[in-house]
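Reviewing the structure listed below.
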Amino acid sequence: MTHHHDGDPQAHHHDSGLAELLDLDAEALGTYLDDVTAWVARYATDAPRLVVDIGAGTGTGSLALARRFPGADVVAIDAASSMLQRVVASARSRGLDDRVRAVQADLDIRWPDVTGVDIAWASSSVHELADPGRLFRDVFAALTPGGLLAVIEMDAQPSFLGADPASAGLESRLHEAMAQAGWNAHQDWRPLLEAAGFEIKAEHRFTIDVNGAAPATLRYAGSYLRNARSALDQQLSTDDAAALDHLLADGNLEVLLGSSDATTRVVRSAWAARRPA
Ligand SMILES: C[S@@+](CC[C@H](N)C(=O)[O-])C[C@H]1O[C@@H](n2cnc3c(N)ncnc32)[C@H](O)[C@@H]1O
């Protein structure tokens, strides 16, 4: 997924589809975010006061961090103001707006004026930056000695259609087109983190099995496939585009997935990197 500028009307369309997907991702994955923040807490300083969420999107991570660290303020950083408006609105609706604030910054240009950070969190965002090594150096400088950077990336695209032989081929071609477009492509971040001065305290692979027929999964699958349909329009064959349109029309997807007992497996990798004290 690439970053678009705010003035571009297509960016708004893209951002609202992406925003919906990010919220549904957090909802469909159940306790996943709480599990990751618990893992982060093991390597972080005892009573963090300042946490930043790098490339916060709609702020599902920011809110999970605010819940996990009740003594901390959370700064959500993103280049897209449309995303940050959602962060602020959801913080307000959960009564967390006294501790969660938004800072708009394009991290490809510069790190904002945010220092004294105890925990930095970057979920599905580092791979989008032009120069991840520079981001790691900027975060290192913004962290307090002993502060922690947690980087999380998606290892594989979620699979929803595998149980249906007629749709499995379509899904694997979609995944291939996403791979070719570089979606979520990332390397092992360890060497670049170490080059920036970090000590890797832990690496962990989170595997989440989601019930394919649960209502939250059905909404997530629909949003995911609608996003793929519009973002990959040029890459799909006419037949695949038509098959996807059919699947997304008239509740067909819900009928297909709702009747199967398939699970959807989601795999994410995390690195816990500490700035030495
Ligand atoms: C795939 S979303 C992940 C959002 C969120 N961290 C999550 O896990 O749900 C990536 C986010 O990074 C932001 N982003 C991409 N490039 C950026 C940049 N150069 N500076 C700041 N934010 C950026 C995008 O606007 C988007 O909200």
Checklist entry - Looking at segment 101-155, which of the residues that are under 26 Å from Ala181 (Cβ atoms) and charged (D, E, K, R) is least open to solvent (accessible area, probe 1.4 Å)? => result Glu153
Checklist outcome for this item: With the first residue restricted to segment 242-255 and required to be closer than 16 Å to Gly169 by Cβ and touching a residue at least 40 places away in the same chain (Cβ under 8 Å), and the second required to be open to solvent by less than 50 Å² (accessible area, probe 1.4 Å) and charged (D, E, K, R), Cβ contacts under 7 Å at 6 or more apart or on different chains are Leu244/Arg229
Checklist entry - In this structure, does Ser82 turn out to be polar (S, T, N, Q) and modelled with pLDDT of 95 or more? => result yes
Item to check | Residue ID - nearest to Thr207 (Cα to Cα), chosen from residues in segment 27-69 that are of a type in the set (Asp, Glu) and within 16 Å of the ligand (Cβ to nearest atom) | outcome: Asp35
Checklist entry - Looking at segment 53-112, which of its residues are out of contact with any Ser or Thr (no Cβ under 7 Å at 6 or more places or on another chain) and at positive phi? => result Gly57, Gly95
Item to check | Pairs with Cβ under 6 Å, 6+ apart, first in segment 112-126 and acidic (Asp, Glu), second part of a strand (DSSP E or B) and modelled with pLDDT of 95 or more | outcome: Asp118/Leu50; Asp118/Thr144; Asp118/Gly147
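The values are calculated or read from the model by the stated rules, or taken from the named source; none is laboratory data. Bear in mind that the values here come from a model prediction, so they are computed numbers and not experimental data. Here Cβ is always computed from backbone atoms with ideal geometry, including for glycine, and neighbour counts include all displayed protein chains. Remember, those area values only see protein heavy atoms, side chains included, never the ligands or the DNA or RNA. Shrake-Rupley method; radii C 1.70, N 1.55, O 1.52, S 1.80 Å.
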